[in-house]
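Here the structure is laid out as structure tokens; the discussion comes afterwards.
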């Protein structure tokens, strides 16, 4: 029975689709609220998934955001097909950004994306293959979630 | 009075309701269902935005505001109108004439709100100076925005800037001064807001940030309009006198408060962004909740289009009303009528602050038990796949997803969908 208690949903994200920026994060946020998670947990998941979604929109060709919620944790996995990140350690530095001037003009690319995901996650894993794509795994515990 | 979360100023008149789906489809919080041929509002979800009131073609949605006759309970009647009223009577009627017409129809005194609006702008700026974090703060003038945040964006409650709106501050000042000046017991003095929307009534009867509202009620501008118009028509000579000897000095900074962007027009050192309309407000609050817009100091949100001037209980075509108010703003220019020292004194005495912060109001999750909530969410996805995705509303829910949600919550049945039924047959 416990194995059944995982809610999964997948959301496709298209690279360059700035008009839909934040739509996936917003749906994830609404779902987590409906599942009864505490507001601070929902907010951390919303911020982390927004940054992850934006990374796909800004840099990749296409990607998928997968949400898996079990009573103990929220896991957000993002796989994209894209250029990948040549130096992951450097990309994890606050303020480092490869955003184009156009992206910055739109208010994106302050170099806070990946660090911000790490800050809001309880566990964060990133793997990237140059020229192929990036895989992110964000885990947020729902410990505060005592119902 | 502590907040009773489910008090509402909007109700459906059953006799007039024909059970169509107009109100249900425009409701931004999906708070309406049509059951047994009548629309029904779900109290927990309603934020009193008035969209249903705007869109009902059968006049079946009514708002509960104070009646003029109810003021007879008071020995002395004071009106604090919204500045929206200045835009209601054409392009040649001056604010002073309108205030004077309100006195003639039965108010003992009427106070211009523009000065207090200016006071508020200055107090908000002082607060921003003293509080560099968090960003952005969100204004509390629109009671619907406060209620929306409490229910849909609970994490943003702490970002609501804790200065009371002008209508409450004006009433608080008058409540402190008038009993002594008039030698009347406070309960004999009725202080009434003249409102362009029903939500002000909710903030008076069920305040989110005060123990008790300083106002005794709110009369709809729509209700009082005919009497004011009539009185204005009868007083041409009086109008000439008001033109030549104006008795109130209007604030140029406060005059435009009822227009979107008006609350922050007087800002000198802060970046403010104004959003109006309920859908756009929700879109922007979604962004704030995702951690965006932190480079903005203040977000001014009003759920009516173009600000309070687009309120459902005003009368004039909102574009004309807006144009008239802009004329008045231009005429008053940057004229300030408030002494900064007065504001600072009131501010530091906490006279302008909330009694208590805005508290989140829980919207019921799918289930209180986390495992059962997850199982219900999974079942809901399966149901959504079975539904036609036409979002026609024939089942009594605003869209297919909401029907699926109602089903897993035990509030509806799959058979309520006429398309699913057909396939079975």
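The values are calculated or read from the model by the stated rules, or taken from the named source; none is laboratory data. These numbers were taken from a predicted model, which means no experiment stands behind them. With ideal geometry, Cβ positions are generated from the backbone for all residues, glycine too; neighbour counts draw on all protein chains shown.
The set of residues from region A:16-40 being under 16 Å from the mean Cα position of the chain (by Cα) and either within 20 Å of residue A:74 (Cβ to Cβ) or at pLDDT 95 or above (or both) comprises A:22, A:23, A:24, A:25, A:26, A:27, A:28, A:29, A:30, A:31, A:32. Please indicate, with yes or no, whether at least one residue in region B:275-287 is surrounded by 20 or more Cβ atoms within 10 Å (Cβ to Cβ), facing chain A (nearest Cβ under 10 Å) and at pLDDT below 95. Scanning region B:275-287, I find at least one residue that is surrounded by 20 or more Cβ atoms within 10 Å (Cβ to Cβ), facing chain A (nearest Cβ under 10 Å) and at pLDDT below 95, so the answer is yes. Selection of region B:176-220 for residues being farther than 30 Å from residue B:53 by Cβ and touching a strand residue (DSSP E or B) at 6+ places or on another chain (Cβ under 8 Å) yields B:178, B:179, B:182, B:184, B:188, B:189. The set of residues in region A:12-30 that are more than 7 Å from every other protein chain (Cβ to nearest Cβ), buried (at least 18 other Cβ atoms within 10 Å of the Cβ) and closer than 15 Å to residue A:66 by Cα comprises A:13, A:24, A:28.
Restricting the first member to region B:190-205 and to residues that are free of Cβ contacts under 8 Å to residues at least 24 places away in the same chain, and the second to residues that are assigned to a loop (DSSP other than H, G, I, E, B), the beta-carbon pairs closer than 8 Å and six or more apart or on different chains are B:204/B:213; B:204/B:215; B:204/B:216.
A quick yes/no check of all residues on (1) at pLDDT 95 or above; (2) under 33 Å from the mean Cα position of the chain (by Cα); (3) surrounded by 22 or more Cβ atoms within 10 Å (Cβ to Cβ):
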residue: B:373; (1), (2), (3): yes, no, yes
residue: B:379; (1), (2), (3): yes, no, no
residue: B:387; (1), (2), (3): yes, no, no
residue: B:395; (1), (2), (3): yes, yes, yes
residue: B:412; (1), (2), (3): yes, yes, no
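Evaluated against (1) away from chain B (no Cβ under 12 Å); (2) closer than 19 Å to residue A:120 by Cβ; (3) in contact with a strand residue (DSSP E or B) (Cβ under 9 Å, 6 or more places away or on another chain), residue A:44 falls short on exactly one condition, (1). Here residue B:302 meets each of (1) modelled with pLDDT of 95 or more; (2) within 14 Å of chain A (Cβ to nearest Cβ) with one exception, condition (2). Scanning region A:1-41 for residues that are assigned to a loop (DSSP other than H, G, I, E, B), without any contact (Cβ under 8 Å) to a residue 40 or more places away in the chain and closer than 12 Å to residue B:373 by Cα yields a single hit, A:35. Taking helices (runs of 4 or more DSSP H) as the structural unit, those lying wholly within region B:106-193 and holding at least 3 residues that are under 17 Å from the mean Cα position of the chain (by Cα) and crowded, with 20+ Cβ neighbours inside 10 Å correspond to B:143-152, B:166-182.
For (1) touching a strand residue (DSSP E or B) at 6+ places or on another chain (Cβ under 7 Å); (2) more than 21 Å from residue B:266 (Cβ to Cβ); (3) buried (at least 19 other Cβ atoms within 10 Å of the Cβ), each residue gets a yes or a no:
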position: B:292; (1), (2), (3): no, yes, yes
position: B:303; (1), (2), (3): no, yes, yes
position: B:307; (1), (2), (3): yes, no, yes
position: B:315; (1), (2), (3): no, yes, yes
position: B:318; (1), (2), (3): no, yes, yes
position: B:327; (1), (2), (3): no, no, no
position: B:333; (1), (2), (3): no, no, no
position: B:338; (1), (2), (3): no, no, yes
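Of all the residues that make up region A:31-41, how many are out of contact with any strand residue (DSSP E or B) (no Cβ under 9 Å at 6 or more places or on another chain) and either farther than 18 Å from residue B:150 by Cα or at the interface with chain B (Cβ under 8 Å from one of its Cβ atoms) (or both)? Quick ask: steps written out before the conclusion?
Step one: of region A:31-41, the residues out of contact with any strand residue (DSSP E or B) (no Cβ under 9 Å at 6 or more places or on another chain) are A:33-34, A:36, A:38-40.
Okay, now just the ones that are also either farther than 18 Å from residue B:150 by Cα or at the interface with chain B (Cβ under 8 Å from one of its Cβ atoms) (or both), so A:33-34, A:36, A:39-40.
Counting residues in region A:31-41 that are out of contact with any strand residue (DSSP E or B) (no Cβ under 9 Å at 6 or more places or on another chain) and either farther than 18 Å from residue B:150 by Cα or at the interface with chain B (Cβ under 8 Å from one of its Cβ atoms) (or both) gives 5.
Being within 30 Å of residue B:252 (Cβ to Cβ) and either assigned to a loop (DSSP other than H, G, I, E, B) or without any contact (Cβ under 8 Å) to a residue 40 or more places away in the chain (or both) is true of residue B:93. In this structure, residue B:367 does satisfy being in contact with a helix residue (DSSP H, G or I) (Cβ under 9 Å, 6 or more places away or on another chain), over 30 Å from residue B:175 (Cβ atoms) and at the interface with chain A (Cβ under 10 Å from one of its Cβ atoms).
Is region B:199-212 home to any residue that is outside the structural domain of residue B:6 (by TED's automatic domain parsing), surrounded by fewer than 18 Cβ atoms within 10 Å (Cβ to Cβ) and part of a loop (DSSP other than H, G, I, E, B)? Steps first, answer last, please.
Taking region B:199-212 and keeping what is outside the structural domain of residue B:6 (by TED's automatic domain parsing), we get B:199-212.
Next, from what is left, pick out any that are surrounded by fewer than 18 Cβ atoms within 10 Å (Cβ to Cβ): B:211-212.
Those still in the list that are part of a loop (DSSP other than H, G, I, E, B) too: B:211-212.
Checked against the condition, which is being outside the structural domain of residue B:6 (by TED's automatic domain parsing), surrounded by fewer than 18 Cβ atoms within 10 Å (Cβ to Cβ) and part of a loop (DSSP other than H, G, I, E, B), region B:199-212 yields at least one hit.
Tell me which residues, restricted to region B:377-410, are assigned to a helix (DSSP H, G or I) and either touching a residue at least 40 places away in the same chain (Cβ under 8 Å) or assigned by TED's automatic domain parsing to the domain that holds residue B:40 (or both). Full working, then the answer.
Start the filter on region B:377-410 by keeping residues that are assigned to a helix (DSSP H, G or I), which leaves B:377-386, B:400-408.
The answer is B:402, B:406, B:408.
Determine if region B:58-73 includes at least one residue that is more than 19 Å from the chain's Cα centre (by Cα) and within 18 Å of residue B:111 (Cα to Cα). Within region B:58-73, one or more residues are more than 19 Å from the chain's Cα centre (by Cα) and within 18 Å of residue B:111 (Cα to Cα).
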